[in-house]
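Enquirer: The structure that follows is given in the form of structure tokens.
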Amino acid sequence: MRNMLSDQVVGLKPSGIRKFFDIVSEMKDAISLGVGEPDFDTPWHIRDEGIYSLEKGKTFYTSNAGLKELREEICNYMKRKNGLEYDPLKEVLITVGGSEAIDVGLRAVINPGDEVLIPQPSYVSYEPCAILAGAKPVIIDLKAENEFRLTAKEIEDACTEKTKVLILPFPNNPTGAIMERKDLEAIAKVIIEKDLLVMSDEIYAELTYKGEHVSIASLPGMQERTILINGFSKAYAMTGWRLGYACGPAEIIAQMTKIHQFAIMCAPTTSQYAAIEALKNGDNDVAEMKTAYNQRRRFLMNAFKEMGLECFEPFGAFYVFPCIKEFGMTSEEFATRFLEEEKVAAVPGTAFGNSGEGFLRISYAYSIDNLREAIGRLDRFVKKLRAEKK
Amino acid sequence: MREELLAVIEKNSRIDLKELAVILGVEEIDVVNEMAKLESEGIICGYHTMINWEKTSLEKVGALIEVKVTPQRGQGFDSMAERIYKYPEVDAVYLLSGGYDLLIIIEGKTIKEVASFVSDKLSTLDNVLSTATHFILKKYKEHGTIFKKEHADERERITL
């Protein structure tokens, strides 16, 4: 029989920690610190709007780019939060989660051989999406001593004649790192100098615990070269609704809309109606959830301090990224033993790139009670490892 | 920190003070002082416990009573409310806008006990014009707490 598979897809690296995943799925009684989604239910008034839209029979396709009212609300939101002006008719595309926007956005701008800069540790889909789009991914290894922020020098060093796109994944999954205004201003200079396009994945923007999130698109000269990606999953606890969006220059959004039309048709209609309600009346919910996350973040940082576990203070998303290098084992070894001996699942940093080696991603999308239990076990585990070393 | 502190202990008044300080990002001594202040200002009025009595063997009957009254010259509704809330069986008294004036929440051991409160004590007060008593059949949610057990964590244990 002929080869039925695409060589390119077969060639995509599977997640480096597949073995670890297998053990997790077998261990039914383990507790978890491993999720990448909020523990809150979608606020009721948002769910109710989704239900109401179904009752009214809103069960048809929307326009390819998404409901006009939703695009208008997104533009209002961008203006309100970032001072950014977008044309709802030409510069916004509603997608199936932020993930689709990443995929479609890269495919819309890449020509064969273009290079895409991907800072890591970061979300797992940038690299395969870049490869599938025909680009050559170029990894920038972010450094713990910079608190995993991206520096101008790192961009400069990674740039070649072929570099076209920089992925900017902040607030960051898995490190929790943010880029403050001064950090963004420093890299914007290089970005403009090198004439790069930026794909700014701001899905965790609302979960910023130090000042307000700043979008790179709001810096002078940046909006016309930025594809801004956001969505409803993290801010409004709407992961299962699969709804995100991209804002950007009209000519890029037009090409993205074309791919989206052929591959997806339109984002789920029910979710779009619910999202309108989220943007109109969801600010209080976001603020309440953010307060709760921030309390848990402080709780974890204090716990690490007390057990003497090294961890820079992250100010974004809902992850902390403690360093486990003192125990002299790899992230995966540590995570596997932690799972087997204490029955707690946390994700090895290497799941997010080689530069995650020596770190562990701990999610605080859990109640304080759950965290207290898990952290108690971590404390016991850490003490045991230290005793072993002596 | 005041509002955030109140929001936390409104949900969990038994939280450890040290932990409370940690999650608020302040020193423990500041929490202790702030709580003392809130108590003396009458903002924190107690540290009660939510109990779902239906699950105990103790029989309790609750009722909402709508009351129309004649307001008192110079005192409005306050003196009437005071006469009513002094009864220990009265749980809560609210002055409302709309079709009636006072809403009373009462809890008794039996229907008879509630009935006798309404007929003997409440309706015989001067200035009470009328009452309407609604017995509570089931409590679903009180003080922001849903009595039904919450669903378990249905998320995948690892998602990247």
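Enquirer: Treating the angle as unsigned and between 0 and 90°, give the value, to the nearest 10°, between the Cα long axis of helix A:283-307 and the longest Cα principal axis of chain A.
Expert: Compared with the principal axis, the helix lies near 20 degrees.
Enquirer: Where does helix A:250-263 land angle-wise versus the long Cα axis of chain A, in degrees 0 to 90, nearest 10?
Expert: Compared with the principal axis, the helix lies near 80 degrees.
Enquirer: Rounded to two decimals, what ratio of Rg to Rh does chain B give with C-alpha atoms and a Kirkwood Rh? Provide the component values of the computation, followed by the final result.
Expert: Working: Rg = 20.9 Å, Rh = 19.3 Å.
Using only Cα positions, Rg/Rh for chain B is 1.08.
Enquirer: Among A:Lys384, B:Lys86, which comes first, second and so on when ranked by fewest other beta-carbon atoms within 10 Å? Each step should come with its number before you reach the end.
Expert: Values: A:Lys384 13, B:Lys86 9.
Least crowded to most crowded, the residues run B:Lys86, A:Lys384.
Enquirer: Something else about it: Nearest 10 degrees, 0 to 90: what angle lies between the long axis of helix A:181-193 and the longest principal axis of chain A (Cα atoms)?
Expert: Long axis of A:181-193 versus the principal axis of chain A: about 60 degrees.
Enquirer: Could you work out Rg/(2.2 N^0.38 Å) for the range A:138-212, with Rg from alpha carbons only? It would help to have the intermediate numbers written out before the result.
Expert: On the way: Rg = 12.2 Å, N = 75, 2.2 N^0.38 = 11.3 Å.
Against the empirical 2.2 N^0.38 Å value, I get 1.07 for the range A:138-212.
Enquirer: Cα extents of the range A:76-224 along the three principal axes, largest first, in whole Å?
Expert: Principal axes ranked by extent give 40, 38, 28 Å for the Cα atoms.
Enquirer: Here is a follow-up. Could you grab the Rg to Rh ratio for the range A:1-152? Cα atoms only, Kirkwood for Rh.
Expert: Values: Rg = 20.4 Å, Rh = 20.0 Å.
Over the Cα atoms of the range A:1-152, Rg/Rh equals 1.02.
Enquirer: Taking A:Lys28 as the anchor, which lysines have their alpha carbon closer than 20 Å to its alpha carbon, excluding any fewer than eight residues away along the same chain?
Expert: Correct list for A:Lys28: A:Lys19, A:Lys343.
Enquirer: Based on the inverse mean of 1/r over its pairs of different Cα atoms, what is the Kirkwood hydrodynamic radius of the range A:110-168, in Å? Walk me through the intermediate numbers first.
Expert: Working: mean 1/r = 0.0861 Å⁻¹.
Here the Kirkwood hydrodynamic radius works out to 11.6 Å.
Enquirer: Whole-Hz ³J(HN,Hα) for each residue in the range B:150-158, computed from phi via Karplus 6.51 cos²θ - 1.76 cosθ + 1.60 with θ = phi - 60°, x for glycine and proline: what do you get?
Expert: Result, rounded to whole Hz: 5, 5, 6, 5, 9, 6, 4, 6, 10.
Enquirer: Another question about this same structure. Taking the Cβ of each residue in B:Ile15, B:Ile106 as the centre, tally the other Cβ atoms inside 10 Å and list the residues starting with the fewest. Before the final figure, lay out each step's value.
Expert: On the way: B:Ile15 15, B:Ile106 23.
By the 10 Å Cβ count, ascending: B:Ile15, B:Ile106.
Enquirer: How would you classify the range A:268-390 from its alpha-carbon gyration tensor, with a ≥ b ≥ c the square roots of the eigenvalues: rounded for a/c under 1.5, else prolate if a/b is greater than b/c, otherwise oblate?
Expert: Working: a/c = 2.58, a/b = 2.02, b/c = 1.28.
Judged from the Cα gyration tensor, the range A:268-390 comes out prolate (a/c at least 1.5, a/b above b/c).
Enquirer: For the range B:1-127, what is the number of Lys pairs with C-alpha distance below 23 angstrom, counting only pairs 8 or more positions apart or on separate chains?
Expert: The result is 17.
Enquirer: What are the extents of the Cα atoms of the range A:188-309 along their three principal axes, listed from largest to smallest and rounded to whole Å?
Expert: Answer, in whole Å and largest first: 52, 43, 25 Å.
Enquirer: Listing A:Asp285, A:Asp48 from the residue with the fewest other Cβ atoms within 10 Å to the one with the most, what is the order?
Expert: Values: A:Asp285 19, A:Asp48 13.
The fewest-first ordering by Cβ neighbours comes to A:Asp48, A:Asp285.
Enquirer: Moving on to the next point. Can you list residues whose amide H is under 5 Å from A:Thr95's amide H, if they're 5+ apart or on another chain and H is modeled 1.01 Å from N?
Expert: A:Gly244, A:Tyr245, A:Ala246
Enquirer: How far is it, in nm, from the label point at A:Asp141 to the one at A:Glu310 when both lie 7 Å from their Cα along the line to the Cβ?
Expert: Taking the simple label geometry, A:Asp141 and A:Glu310 are separated by 1.5 nm.
Enquirer: Starting from the Cα gyration tensor of the range B:1-91, take the square roots of the eigenvalues, sort them a ≥ b ≥ c, and report rounded, prolate or oblate (rounded when a/c is under 1.5, otherwise prolate if a/b is larger than b/c, else oblate).
Expert: Working: a/c = 3.68, a/b = 1.60, b/c = 2.30.
Since a/c reaches 1.5 but b/c is at least a/b, the shape of the range B:1-91 is classed as oblate.
Enquirer: Continuing with this model, one more query. Using a Förster distance of 56 Å, how high is the FRET efficiency between B:His48 and A:Ser15, based on the Cβ-Cβ distance and rounded to 0.05? Mind dumping the intermediate values first?
Expert: Working: r = 50 Å, r/R0 = 0.89.
Between B:His48 and A:Ser15 the formula returns 0.65.
Enquirer: If you average 1/r across every pair of different Cα atoms in the range B:81-147 and take the reciprocal, what Kirkwood value do you get, in Å? If you can, show how the numbers build up before the last one.
Expert: Working: mean 1/r = 0.0755 Å⁻¹.
Taking the inverse mean of 1/r over all distinct Cα pairs, the range B:81-147 comes out at 13.2 Å.
Enquirer: Same structure again: For an R0 of 25 angstrom, estimate the FRET efficiency from the Cβ-Cβ distance between A:Phe40 and B:Leu95 and round to the nearest 0.05. Numbers along the way, then the final one.
Expert: On the way: r = 35 Å, r/R0 = 1.41.
The computed FRET efficiency comes out at 0.10.
Enquirer: Where a ≥ b ≥ c are the square roots of the eigenvalues of the C-alpha gyration tensor, would you call the range A:59-105 rounded, which needs a/c under 1.5, or, failing that, prolate if a/b is larger than b/c, or oblate?
Expert: Working: a/c = 2.12, a/b = 1.32, b/c = 1.60.
Oblate, since a/c reaches 1.5 and b/c is not below a/b.
Enquirer: Using the Kirkwood formula on the Cα atoms of the range A:267-307, what hydrodynamic radius do you get, in angstrom to one decimal?
Expert: Details: mean 1/r = 0.0807 Å⁻¹.
Here the Kirkwood hydrodynamic radius works out to 12.4 Å.
Enquirer: OK, next. Write down, largest first, the equivalent ellipsoid semi-axes of chain A in whole Å, where each equals the square root of 5 times an eigenvalue of the alpha-carbon gyration tensor. Working shown, then result.
Expert: On the way: eigenvalues 221, 129, 92 Å².
Calculated on Cα positions only, the semi-axes equal 33, 25, 21 Å.
Enquirer: Counting other Cβ atoms within 10 Å, which GluC sites (Glu not before Pro) in the range B:1-32 have at most 13 and lie in a DSSP loop? Kindly include the intermediate steps, with their values, before the conclusion.
Expert: On the way: sites: B:Glu3, B:Glu4, B:Glu10, B:Glu19, B:Glu27, B:Glu28; in loops: B:Glu27.
Answer in residue order: B:Glu27.
Enquirer: Tell me the relative contact order for chain B as a rounded percent, counting alpha carbon contacts under 8 Å between residues six or more apart.
Expert: Working: 162 pairs, mean separation 32.1, N = 160.
So the answer I get is 20 percent.
Enquirer: When the Kirkwood radius is taken over all Cα pairs of the range A:24-64, what Stokes-Einstein diffusion coefficient follows at 25 °C and 0.890 mPa s, in µm²/s?
Expert: On the way: Rh = 13.9 Å.
Calculated translational D: 176 µm²/s.
Every number in this text was worked out from the coordinates using simple rules, so none of it is lab data. Just so you know, these numbers come straight off a predicted model, no measurement behind them. Neighbour counts are summed over all protein chains in view; Cβ atoms, including those assigned to glycine, are modelled from backbone coordinates with ideal geometry.
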